[in-house]
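The values are calculated or read from the model by the stated rules, or taken from the named source; none is laboratory data. Treat the numbers as computed from the prediction; the structure is a model and nothing was measured. Reconstructed Cβ throughout: ideal geometry from the backbone, glycine too, with neighbour counts over all protein chains shown.
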Amino acid sequence: MDKLNPLALTRRLFLEHAATGIAGVALTDLFSRDALAQQIQHHAPKAKQVLHIFCPGAASHIDLWDYKPALEKFHGTPLPGAEKEVTFQGKNGPLMKSPWPFAPSGQSGKMLSTLLPNVAKHADDIAFIHSMTSRSNTHGPANVFMNTGFVREGFPSAGAWASYALGSLNDNLPTFVAITDVRGEPPNGKANWSNGFLPAQHQAVMLAAHQPLRNLNRPAEVSANEETATRDFLKMLNTAHAAQHPGESELRARMSAYELAARMQLAAPEVADLSREAQHVHKLYATDDANPLKAAYARNCLLSRRLLERGVRYVSLYCASRASSIDGLLNWDAHRTLKTDYERHCPIFDQPTAALLADLKQRGMLKDVLVLWTTEFGRMPTHQEGSAGRDHNPDGFTLWMMGAGVKGGISYGATDDFGRRAVENVATVYDFYATVLHLLGLDHERLTYYHNGTNRRLTDVHGHVLKALLS
């Protein structure tokens, strides 16, 4: 018999093929993983991994990163030229200064909010993009847009593109991991880390310090030898079936997921065991803080470092979740009570995030890890009529990056005097990801995937590398 037919397998044939079959399966597994992850490289990369920190709810640029003295000077007066402007949730009142002072940070003297004293210590390593814009002023589509480059669901996330193009740095852990906040998933949930139309194995694996992996241990009634033999036999059947149906990427993805799950039985418990960290590390991150939300986020920050340390290619770390019936309670969407909301959220975010950045730096990991901080859009410089909060503003806000290949201590672009609109070096999400891909050694115009009659890109048909940010 020249070709193994798994549907007509006999005991004699199984034994006949066993000696070469299992070895062949191992090679086939390696070849299939190489085929499914393209290992594309267009030029020498500056970064090998990405840590993407996302604060859903539209964290206010003018209260955190983008200092506007004019807001203090003209506080309580109408926004010039927009006295009757209606935005996402209705009419706007007069200009509202930030409730918190800004202070110079680092040798660069960058003015940052005193709400974030620990993150501000990293100012000289951060490249701020103050002229970002979005195509949506609605949280769900804007979250998806910030992660995928499209306002509609069904497109691959940036992490999925990185997985598809570059593959894994560790055969025992996922290539792409999404770490959700203890408060829940962000707006539009799993669409933010979807594989879209890319092969299914490029979607993120969801992990979190508060959600230990289930079903990792082998049942007591099954011996180690039985499990190994069963797995090898199943792999042989699956590989033969996949060879007969080469176009079924879902099957290959399922096989890859099962194989990864088997390897993770050993690797995942170790990486998720935060007790292995020294006490001074836990203190740095504040994993035992009296605020349970801060402690939970701190543990996720520490888990992020451990995943990156072991070669996970792309880690998406979320701080806050989807909106609740009370604006600003579970995320950064401060429509009504900006001061109360941000004095709740900033202490959760500040120390653990700063600790993660410091830990990556002191371990020398920032030579390979590119750190991104994003939110879906900004906030208005005015207060909403009848409230002490700010409405949505997609026309100008701040993102930042630091680490591998990034020039620290700089500010790119600018909004107007009040922070209402981007006016200098106006940037888009396409530009942002063109730059990210460039740092990973990828040309955003050449990284494509044929789907529904066209070659799709993370940057659609737009985007320019923001060269001023590159070291």
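Can you confirm whether segment 426-445 contains a residue that is of a type in the set (Ser, Thr, Tyr) and surrounded by fewer than 19 Cβ atoms within 10 Å (Cβ to Cβ)? Scanning segment 426-445, I find no residue that is of a type in the set (Ser, Thr, Tyr) and surrounded by fewer than 19 Cβ atoms within 10 Å (Cβ to Cβ), so the answer is no.
The residue that is farthest from LEU399 (Cα to Cα), among those in segment 338-382 that are within 16 Å of the chain's Cα centre (by Cα) and hydroxyl-bearing (Ser, Thr, Tyr), is THR353.
Taking segment 79-108 as the range and being touching a Leu at 6+ places or on another chain (Cβ under 9 Å) and closer than 21 Å to LEU338 by Cα as the test, the residues that pass are LEU79, GLU85, ASN92, PRO94, LEU95, MET96, LYS97, SER98, PRO99, TRP100, PHE102, ALA103. Report whether or not ASP443 is assigned to a loop (DSSP other than H, G, I, E, B), at pLDDT 95 or above and either of a type in the set (Gly, Ala, Ser) or out of contact with any Lys or Arg (no Cβ under 7 Å at 6 or more places or on another chain) (or both). Against the criterion (assigned to a loop (DSSP other than H, G, I, E, B), at pLDDT 95 or above and either of a type in the set (Gly, Ala, Ser) or out of contact with any Lys or Arg (no Cβ under 7 Å at 6 or more places or on another chain) (or both)), ASP443 qualifies. When the residues of segment 448-471 are filtered to those that are in contact with a His (Cβ under 8 Å, 6 or more places away or on another chain) and in a loop (DSSP other than H, G, I, E, B), which remaining residue is surrounded by the fewest Cβ atoms within 10 Å (Cβ to Cβ)? In this case the residue turns out to be VAL465. Sort through ARG306, ARG322 and tell me the only one that's over 18 Å from PRO56 (Cα atoms) and of a type in the set (Lys, Arg). That would be ARG306, the only listed residue that is over 18 Å from PRO56 (Cα atoms) and of a type in the set (Lys, Arg).
Is at least one residue of segment 321-342 closer than 30 Å to ARG276 by Cα and either part of a loop (DSSP other than H, G, I, E, B) or of a type in the set (Gly, Ala, Ser) (or both)?
Checked against the condition, which is being closer than 30 Å to ARG276 by Cα and either part of a loop (DSSP other than H, G, I, E, B) or of a type in the set (Gly, Ala, Ser) (or both), segment 321-342 yields at least one hit.
Inside segment 262-286, residues that are touching a residue at least 24 places away in the same chain (Cβ under 8 Å) and either more than 23 Å from the chain's Cα centre (by Cα) or farther than 26 Å from GLU227 by Cβ (or both) make up a count of 10.
Restricting ALA142, ALA208 to those that are aliphatic (A, V, I, L, M), touching an Asp or Glu at 6+ places or on another chain (Cβ under 7 Å) and in contact (Cβ under 8 Å) with a residue 60 or more places away in the chain reduces the list to ALA142.
Within segment 298-334, which residues are surrounded by 22 or more Cβ atoms within 10 Å (Cβ to Cβ), free of Cβ contacts under 8 Å to residues at least 60 places away in the same chain and among the aliphatic types (A, V, I, L, M)? Selection gives ALA298 alone.
A Cβ distance below 7 Å, combined with a sequence gap of six or more or placement on separate chains, defines the contacts here; from segment 182-196, residues that are free of Cβ contacts under 8 Å to residues at least 60 places away in the same chain and of a type outside the set (S, T, N, Q) reach residues that are in a loop (DSSP other than H, G, I, E, B) and surrounded by fewer than 22 Cβ atoms within 10 Å (Cβ to Cβ) in the pairs ALA191/GLU153; GLY196/GLY154.
Of all the criteria given as (1) more than 19 Å from PHE432 (Cβ to Cβ); (2) surrounded by fewer than 22 Cβ atoms within 10 Å (Cβ to Cβ); (3) not hydroxyl-bearing (Ser, Thr, Tyr), the one not satisfied by VAL151 is (1). So, ALA272, is that one closer than 28 Å to MET365 by Cβ, of a type outside the set (Val, Ile, Thr) and modelled with pLDDT under 95 or not? Yes; evaluated as a whole, the condition is true for this residue. For segment 205-250, a tally of residues being at pLDDT 80 or above, under 30 Å from ALA296 (Cα atoms) and not in a strand (DSSP E or B) returns 2.
Scanning for something β-branched (Val, Ile, Thr), assigned to a strand (DSSP E or B) and in contact with a Lys or Arg (Cβ under 7 Å, 6 or more places away or on another chain), does segment 417-433 turn up at least one residue?
Looking for residues that are β-branched (Val, Ile, Thr), assigned to a strand (DSSP E or B) and in contact with a Lys or Arg (Cβ under 7 Å, 6 or more places away or on another chain), one finds none in segment 417-433, hence no.
Here is the figure for segment 362-407: residues that are under 17 Å from SER98 (Cα atoms) and not in a loop (DSSP other than H, G, I, E, B) total 10.
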